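Structure, as structure tokens:
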Amino acid sequence: MKSCPPEARPRVKRLIVNADDFGWSGAVTGGIIRAYREGLVTSTTLMANLEGAAEALARARQESPGLVIGLHLNLTEGRPLAPPGDVAPILDREGRLMPSLATLYRRLRLSGGARRAAARELETQVRWALDHGLRPSHLDSHKHVHQIPPLLPLVIDLARRHGIAAVRTTAELALPGVARFLPPGWSAAARVHQGALARIACRWGRRARRIVRGAGLATTDWFFGVRATGAISAELLEHLLRRAPEGTGELMVHPGETDPNPARPTRLAASRPRELAAVCDPRVRLAADAQGWTRATFKDL
């Protein structure tokens, strides 16, 4: 896979470790709080439309008031926050947000009604966060939908109107040697699929990085996490910290505690506790210090 090089930036080494899916479940919320308090995580992003969002905010304020929280915009999981009749073009037959990213992408490309519905739902999610006292540090999204070309201008407009200064861009770093750190249980097809997703993320992320910065908003120089979603280990993190370029980078992780009775199915259910252990591994913090990485958040950009 060809590298997705960062732009030329000042010689700094700042690392944002963002835990996605805050509010997914009690087990995920608890794992993220622990990953912040005991590990390398520096920020998280909240899924405002999920049932656990309000509880997640309350827990953060009580247990980790210093945790920096952004907004994980979501068009593919759960029910909408906007009235269903206003966002019907992006819902499935059961009134839920469209779970298929491919179907959502086609609708957004072909239908002005779908784009207006998406804009309404994203606006509603941002306003929910603001109404609940959250001033998001940045915007990103579930399955990175905010970088879909028809949606990116809407997200930039949201950020500017609501005073949100930063947006994630997935200029995925092509990390040499990463394949040997992927789980041995991953099939060849899974490895190819994840590599293809990383290439798409890189292409969309480089385009988004240019547009976001052109709009006067902040973003990172590089990003890593799509290639290894569900495969983060302490050994992979040590490798990343040794090989990542200078600049400000974002590492995306999905930690969580073990949930014996998950109410929301996800392919990451088994990997979340492993990622929690990885980001809390003392070897990882020692490696970050040894390589001169400063822990940062999107507020530092």
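The values are calculated or read from the model by the stated rules, or taken from the named source; none is laboratory data. All figures in this text were calculated on a predicted structure; none of them were measured in a lab. FYI the Cβ positions are ideal-geometry reconstructions off the backbone, even for glycines, and counts take in every protein chain you see.
At-a-glance table
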read-out: Residues (under 17 Å from MET252 (Cα atoms) and charged (D, E, K, R)) located in the stretch 172-194; value: GLU172
read-out: Of all residues making up the stretch 64-108, the number that are within 23 Å of ALA19 (Cβ to Cβ) and in a helix (DSSP H, G or I); value: 1
read-out: Looking only at the stretch 195-233, and only at residues there that are closer than 25 Å to PRO255 by Cβ and in contact with a Cys (Cβ under 9 Å, 6 or more places away or on another chain), the one that is surrounded by the fewest Cβ atoms within 10 Å (Cβ to Cβ); value: VAL226
read-out: Among the candidates ARG160, ARG135, residue that is out of contact with any Gly (no Cβ under 6 Å at 6 or more places or on another chain), surrounded by fewer than 20 Cβ atoms within 10 Å (Cβ to Cβ) and part of a helix (DSSP H, G or I); value: ARG160
read-out: Hey, GLY214 among the small types (Gly, Ala, Ser) and out of contact with any Leu (no Cβ under 7 Å at 6 or more places or on another chain) or not; value: yes
read-out: Condition check for THR44: more than 23 Å from MET252 (Cβ to Cβ), of a type in the set (S, T, N, Q) and either touching a residue at least 40 places away in the same chain (Cβ under 8 Å) or outside any loop (DSSP other than H, G, I, E, B) (or both); value: no
read-out: Out of ARG168, ARG115, sole residue that is at negative phi and surrounded by fewer than 21 Cβ atoms within 10 Å (Cβ to Cβ); value: ARG115
read-out: In the stretch 15-41, residue surrounded by the most Cβ atoms within 10 Å (Cβ to Cβ) [restricted to those that are among the aromatic types (Phe, Trp, Tyr) and either touching a Pro at 6+ places or on another chain (Cβ under 7 Å) or not in a strand (DSSP E or B) (or both)]; value: TRP24
read-out: THR248 touching a residue at least 60 places away in the same chain (Cβ under 8 Å), more than 20 Å from the chain's Cα centre (by Cα) and closer than 19 Å to VAL41 by Cβ; value: no
read-out: Counted residues, the stretch 94-112 - those being in contact (Cβ under 8 Å) with a residue 40 or more places away in the chain and closer than 10 Å to THR76 by Cα; value: 3
read-out: Lone unmet requirement of (1) modelled with pLDDT of 95 or more; (2) crowded, with 19+ Cβ neighbours inside 10 Å; (3) out of contact with any Asp or Glu (no Cβ under 9 Å at 6 or more places or on another chain) for PRO282; value: (2)
read-out: For PRO65: the one exception among (1) within 14 Å of the chain's Cα centre (by Cα); (2) without any contact (Cβ under 8 Å) to a residue 12 or more places away in the chain; value: (1)
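Each row is one residue, and each column tells you yes or no for (1) in contact with a Lys or Arg (Cβ under 9 Å, 6 or more places away or on another chain); (2) modelled with pLDDT of 95 or more; (3) not hydroxyl-bearing (Ser, Thr, Tyr).
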residue	(1), (2), (3)
ARG168	no, yes, yes
PHE181	no, no, yes
HIS193	no, no, yes
ARG199	yes, no, yes
ALA218	no, yes, yes
